[in-house]
Amino acid sequence: PASRDPSGDSPMVAMASGAACSGGRRGSQAEGGLSVAFWNEPGCDSEAALAELLGGAGSGSGTGIIVRPVGFSSLDEAFAAAAGHSVDLLLVPVENSLMGAVHATWDLMLQHNLFVVAEQNLRVQRCIAGGPGANSLADLRTVFGQPLSIALCEVSLRRRGITAEAVSDVAAASAMLTGSGERAIGVLCSALEASRAGLTVLAWDLQDDASNFSRFLLLRSVPTRLAYGAPYKTSLAFTLENVTGALFRALSVFAMRDIDLAKIESRPCKLDTIHRLQLLSMGSIAGDATTQEASTSWICRDGASREKRLRLGQDGVGSSTSGDAHYRYLFYVDFLASADEPRAASALRHLQEITPFFRILGSYPQCGAPVDLRRLCVEAAAHPERGGKTRRKVGIIGFGTFGQFLARKMASNFVVFATSRGDYTAIAAEIDVNWCTSLEDLLSKGLDTLLISVSILSFEGMLRRVVAAIERVGADAQKMLVVDVCSVKVHARDTMLRLLPPTCDILCTHPMFGPDSAKHGWGGLAFVFERVRLLDAPRCEHFLRWWAKQGCRMVDMTCELHDECAAGSQFVTHFTGRVLSRLGLKPTQTSTKGFESLLRLVDNTCRDSFDLFYALYKFNPRSSDQLHSIEVATADLSAQLRDGDRVAWQEPKADQREWQHCSSGGDVGDGAP
């Protein structure tokens, strides 16, 4: 392997030779390239894995991109640097083929909003290195090494008659050895550590097991964009209710769709940690019963959230029919597919329905696939905080289901402020959002963009309150970009044009998704918008580019055309679901797939309030026309059914009667009569 030759032009040494690998500070923007955090001493396995994953793909592939490793003395510091955008990427160890999982890494991944974008398997190799005067292994009597390295090479050292002494700092021992000229003492280390310290390698491959590998994951603050057709892996974490068959049901969502699992692991977790994760997933960290009932999850809406609360019970950690209630478990699963694949997306939706807590840690190329280093570098260079740039400020009015859903995503790239009728201080703090106690407080923050996320029925009233608050705050609040996310657009546009000061820019938008449909990613989901009034066009384009970078399918459409299309799709969907709900349909043992789809339609539409449905009708003139068309079509079809004379019935032949009898259990659209 390249690491055997410290003097050559290997990717490992070429990358490491010019890198500042300690101190926890990233290079300046003027230096260019990527800063990548890692944990442990310079020259450790983490940095060696970083070199294999990114070093050769940089200068070695002709991209001209410099990778700068930044070492941290603890995992907590490394994660904090990545989460705080002090570095572009973070490489962390997650498991070893002999020693098992690095649990601290998995715990920190759940605590920080970071995503897996690549993986690397590193063969663990150890060598014995001596000082400048050492030229023979026979001269050595003692080697210094970390306890884990000594354990990996115990048999080899004993066979050579070498005594090992454990030290916590191999770099310090190497420096001491370099300065002393001692020939009877060596260091047990990696090839990269020996190269860094200027030591001479006296023996290679001291590890007892040649099949010892460590797995590393590359993390960053936003998920990677997935190219079509490449081999991908997805990592996720979830908890289960302690009931009979829970694990079987969880794994069956993958088996029934022929999705290959690469890993499954469980480990005990503190009850308060699991409780906290589950409450985070349901958006009810704190507050009284009213506040908790009003808040919802970024994963599931009100209906599903309430169902989960009923299942979880008062203690928040699930009912238990067996086992010891003192032990609760987190499950980690890797499967060989992208979360965006239809079969995987279906499996994940199914899994989310039966798990109290559920989180996708990332979809990324399988080990061995090339990493698009240039794309990572371009995206890092465009990050608002790189090089000390000030992040733009976004204010959100309305911190319910959709407001929290947007805030979670935006907090990674904007300084987000929010206010609402209820007190969501605790939830805002958990997702890095600055809570404001009033409209005046929010508008005094010097916002670049104000996003109004309230119901259609409340929109005009809220906008009047905003205008009054703008007048009280002063001129600084009169130059914002004001954005709505209403499901009807002409009403929102005309209201903003009529009420907002002429110095405010206006952008009408409708994200055609929500917490349910986007829980597995925003890639390919439609974002409809119309630029209505722009005095500061670059500010608006920056905001629109953010949505595009999340993977949204950008649809530039007039408000009139939007409402015409919505009446034929959104209103019809809601109307059909609510009509069916009045019938009180229930699943039976003979339910077909088509009937189950209707039940899901009822559930999905009735989760939203009737006020939303009414607003779709009241504020979209096209909906009235659509309702009239539905009434006419229903009356016409009913009349056709009741007037049997219009149909020329014909008695089927004997063989046709037998075929119809056998086929009568079919589903809609499958050829059954």
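Quick one: in segment 226-267, of everything that is of a type in the set (Val, Ile, Thr) and within 28 Å of SER97 (Cβ to Cβ), which residue is nearest to the chain's Cα centre (by Cα)?
THR234
Hey, among the residues in segment 136-156 that are among the hydrophobic types (A, V, I, L, M, F, W, C) and crowded, with 20+ Cβ neighbours inside 10 Å, which one's farthest from the chain's Cα centre (by Cα)?
Here the answer is LEU140.
So which residues in segment 69-86 are open to solvent by less than 30 Å² (accessible area, probe 1.4 Å) and either part of a helix (DSSP H, G or I) or on the phi > 0 side of the Ramachandran plot (or both)?
Passing the criteria: LEU75, ALA78, PHE79, ALA81, ALA82, HIS85.
Restricting segment 472-484 to residues that are buried (at least 19 other Cβ atoms within 10 Å of the Cβ) and among the β-branched types (Val, Ile, Thr), which is farthest from the chain's Cα centre (by Cα)?
VAL482
When both residues are 6+ apart or on different chains and their Cβ atoms are under 6 Å apart, which pairs have a first residue that lies in segment 92-103 and is closer than 14 Å to SER211 by Cα, and a second that is assigned to a loop (DSSP other than H, G, I, E, B) and hydroxyl-bearing (Ser, Thr, Tyr)?
Correct list of pairs: empty, since none qualify.
So, in segment 417-432, how many residues would count as being in contact with a Lys or Arg (Cβ under 8 Å, 6 or more places away or on another chain) and at pLDDT below 95?
1
In segment 501-527, what residues are open to solvent by 10 Å² or more (accessible area, probe 1.4 Å) and among the aliphatic types (A, V, I, L, M)?
Those that are open to solvent by 10 Å² or more (accessible area, probe 1.4 Å) and among the aliphatic types (A, V, I, L, M): MET512, LEU525, ALA526.
Six or more apart or on different chains, Cβ atoms under 9 Å: show the pairs whose first residue is in segment 243-271 and of a type in the set (Asp, Glu) and whose second is assigned to a helix (DSSP H, G or I).
Filtered contacts from segment 243-271: ASP258/ARG343; ASP260/PHE254; GLU265/TRP106.
Can you tell me which residue in segment 22-43 is modelled with the highest pLDDT, limited to those that are out of contact with any helix residue (DSSP H, G or I) (no Cβ under 7 Å at 6 or more places or on another chain) and surrounded by 18 or more Cβ atoms within 10 Å (Cβ to Cβ)?
SER35
Can you name every residue in segment 491-500 that is open to solvent by 40 Å² or more (accessible area, probe 1.4 Å) and farther than 22 Å from ASP448 by Cβ?
Scanning segment 491-500 gives ASP494, ARG498.
What single numbered condition from (1) free of Cβ contacts under 8 Å to residues at least 40 places away in the same chain; (2) in contact with a Leu (Cβ under 7 Å, 6 or more places away or on another chain); (3) not in a helix (DSSP H, G or I) fails to hold for ILE470?
(3)
For segment 636-661, give me each residue that is surrounded by 10 or more Cβ atoms within 10 Å (Cβ to Cβ) and either at pLDDT below 70 or farther than 24 Å from GLY594 by Cβ (or both).
Hits for segment 636-661 are ALA639, PRO652, GLN656, ARG657, GLU658, TRP659, GLN660.
Can you find even one residue in segment 566-586 that is in contact with a strand residue (DSSP E or B) (Cβ under 7 Å, 6 or more places away or on another chain) and open to solvent by less than 30 Å² (accessible area, probe 1.4 Å)?
As a first pass, look at segment 566-586 and keep what is in contact with a strand residue (DSSP E or B) (Cβ under 7 Å, 6 or more places away or on another chain): none.
No, there is no match, as no residue in segment 566-586 is in contact with a strand residue (DSSP E or B) (Cβ under 7 Å, 6 or more places away or on another chain) and open to solvent by less than 30 Å² (accessible area, probe 1.4 Å).
Here's a check for you: in segment 417-451, which residue that is β-branched (Val, Ile, Thr) and touching a Leu at 6+ places or on another chain (Cβ under 7 Å) is farthest from THR401 (Cα to Cα)?
THR449
Based on this model, can you work out whether ALA175 counts as out of contact with any Lys or Arg (no Cβ under 8 Å at 6 or more places or on another chain), without any contact (Cβ under 8 Å) to a residue 12 or more places away in the chain and open to solvent by 60 Å² or more (accessible area, probe 1.4 Å)?
no
Only residues in segment 478-494 that are among the polar types (S, T, N, Q) count as the first member; pair them with residues that are open to solvent by less than 10 Å² (accessible area, probe 1.4 Å) and assigned to a loop (DSSP other than H, G, I, E, B), Cβ under 8 angstrom, at least 6 apart or cross-chain, and list the lot.
Within 8 Å, the pairs are GLN478/CYS504.
Would you point out which residue out of LYS445, LYS479, LYS393, LYS489 is touching an Asp or Glu at 6+ places or on another chain (Cβ under 8 Å), farther than 23 Å from GLN550 by Cβ and not polar (S, T, N, Q)?
Details: LYS445 fails: touching an Asp or Glu at 6+ places or on another chain (Cβ under 8 Å); LYS393 fails: farther than 23 Å from GLN550 by Cβ; LYS489 fails: farther than 23 Å from GLN550 by Cβ.
Result of the check over LYS445, LYS479, LYS393, LYS489: LYS479.
Please count how many residues of segment 487-512 are part of a loop (DSSP other than H, G, I, E, B) and not hydroxyl-bearing (Ser, Thr, Tyr).
Here the count works out to 7.
Output the number of residues of segment 108-125 satisfying the condition of being touching a residue at least 60 places away in the same chain (Cβ under 8 Å) and either part of a helix (DSSP H, G or I) or among the aromatic types (Phe, Trp, Tyr) (or both).
3
The values are calculated or read from the model by the stated rules, or taken from the named source; none is laboratory data. What you see is a predicted model, and the numbers here were worked out from it, not measured in a lab. Virtual Cβ from ideal backbone geometry, glycine too; neighbours counted across all protein chains shown. Ligands, DNA and RNA are stripped out before the accessible areas are found, and what is left, the full protein with its side chains, is counted by its heavy atoms. Shrake-Rupley method; radii C 1.70, N 1.55, O 1.52, S 1.80 Å.
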